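**Student:** Okay, handing you the structure first.
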Amino acid sequence: MPRKLNIFYWIGLINYDIIKIREKVREDYFMKVTINDVAREVGVSKATVSRVLSNNERISEETRLKVKEVIERLGYKPNVMARNLARNQTKTIGVILPMDASVSFGNPIFTQMMQGISMYAQEKHYFLMYAFGKEEEEEHNIDEFSQNGIVDGIIILKSEVNDKTIKKLRESGFPFVVIGRPGRETSVLWVDNDNFGATYEIAEAMIKKGHKKIAFVGAKQKWTVSKDRLEGYKRALEVHNISYEEKLIYHGEAFNEQTGKEAMDLLIKESPTAIIATDDLIAVGVNDYLNKIGREVKALVGFNNTMLAAYQKPALASVEIYGERLGYAAAKLLVEQLEGYIKDHMHAIIETKLIERESFN
């Protein structure tokens, strides 16, 4: 009998809680403060309250303070979704990563870029929507973003020579920003490093240390970042009267350790004394290969300055490209375009810095 009483007791409590919840929902529904309530209390139009909420400069400071005081006193909470729909905005940015999720997150530089994008989006109260995919899926993802009203604008994390995606977006007029120099497309917003200059400086520094057989190991040959870095390397050789040799060049399929190892299988017989790798992961692959066969090069430099490079044996020199700043600047350019601050096409160049470690002699 006591057990039955306990059961009924708990059932009674649950029913009581349900009733209270229903009453609270009903109270919130019927008592919710609206923009009309705020306007009536202040003695202004609903449009004026709306302008105050959107920080319209046409509203006087006196009116702005009155409206904000009433909003706070009444506890009015604007319906952000409704406001965005009225403006035909989603307050969402689409980010297109150039590879599968496992590959993109596996390379620290993309994670850094996404962190920078996320930081600026958070500051400006934008949401983010990511899409991952190989080259054949990229066009589909961009169509989904740009044609279905899912996002207000797009950030693309790479650029190719004669990039069809960039051309298509430019012609459609849909807002977008590219991380990577967009080839000959001058009428787009983009952010990048001076990849030509950074690689030129590395090669020149190696030459000044006495190196003449400098190998170059890269990937994704169609990407403009790869093209610019190779051109910087070539130019340094030309300026210092060193012959460019194809047999010292290797282009892999991906920015990973495997590319570095595959490159050394071919390049080791050329006995380079210095190697420029266009990604730290490639440099790690090169270093692992050399360690396993007991060989060394006097100078090995990668790009992106990841923690992985610093903990190799020897610690790898690397070019800091400030991926977080690239992402932040790209998001800033896009949001400024979406909010009407940019009248002309613009781009931003993020500085680089060579971080010298044990592998740079």
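Each reported figure results from applying straightforward, stated rules to the coordinates on display, with no laboratory input. Being a predicted model, the structure only gives us computed values, none of them experimental. Here the Cβ positions follow ideal geometry from the backbone for every residue, glycine too, while neighbour counts run over all protein chains shown.
**Student:** Take the Cβ-Cβ distance between residue 358 and residue 184 as r, set R0 to 41 Å, and report the resulting FRET efficiency rounded to the nearest 0.05.
**Tutor:** E between residue 358 and residue 184, to the nearest 0.05, is 0.50.
**Student:** I've got another one for you. Rank the residues 117, 35 as a footprinting-exposure proxy: fewest other Cβ atoms within 10 Å of their Cβ go first.
**Tutor:** 35, 117
**Student:** Suppose R0 equals 30 Å. What FRET efficiency, 1/(1 + (r/R0)^6) with r the Cβ-Cβ distance, do residue 123 and residue 251 give to the nearest 0.05?
**Tutor:** Taking R0 as 30 Å, the efficiency between residue 123 and residue 251 is 0.20.
**Student:** Roughly speaking, what is the centre-to-centre gap between the range 221-252 and the range 151-219 when only Cα atoms are used, to the nearest Å?
**Tutor:** Measuring centre to centre over Cα atoms gives 15 Å.
**Student:** While we're looking at this one, here's another question. Based on the alpha-carbon gyration tensor of the range 152-240 and its eigenvalue square roots a ≥ b ≥ c, which shape applies: rounded if a/c is under 1.5, prolate if not and a/b is larger than b/c, or oblate?
**Tutor:** Since a/c reaches 1.5 and a/b is larger than b/c, the shape of the range 152-240 is classed as prolate.
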